[in-house]
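Just below is one structure, and these are the notes that go with it.
The values are calculated or read from the model by the stated rules, or taken from the named source; none is laboratory data. It should be emphasised that the depicted structure is a prediction, and the values quoted were computed from it without experimental measurement. Heads up, the Cβs are rebuilt from the backbone with ideal geometry, glycines too, and the neighbour counts pull from every protein chain shown.
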Amino acid sequence: MTISDCQFNKIKTLRRNGFTQTEIAERIGISRKTVENYLRKLKANYEESMIVEIVLDESPEAYFNFKKRLLDELQNEFDFKSIRVIE
């Protein structure tokens, strides 16, 4: 099934806000399998080239807190198998 850009954006937004695949499918009116397929494609696109450099001029404690929040958000959003931080 092909979905519109609007539906795809809704999938991303709802997933980012913690909705399950089933909840997303029900809200948008598509099958859960379609949601799963589009989330898999989205994840694959990010996994291919996800390199991020962040430079912070903060205290060690502020840096640690930011790094933890960032890693948690990345893991929740994209369900990566692994995330490495190079310091």
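Taken over the stretch 57-72, the criterion of being surrounded by fewer than 13 Cβ atoms within 10 Å (Cβ to Cβ) and modelled with pLDDT of 75 or more is satisfied by Ser59, Pro60, Glu61, Ala62, Phe64, Asn65, Lys68, Arg69, Asp72. Per the listing Ser4, Ser31, the residue uniquely touching a residue at least 24 places away in the same chain (Cβ under 8 Å), out of contact with any Cys (no Cβ under 6 Å at 6 or more places or on another chain) and farther than 23 Å from Glu73 by Cβ is Ser31. For the stretch 19-56, the set of residues classified as at pLDDT below 90 and not in a helix (DSSP H, G or I) consists of Ser49, Met50, Ile51, Val52, Glu53, Ile54, Val55, Leu56, listed by residue number.
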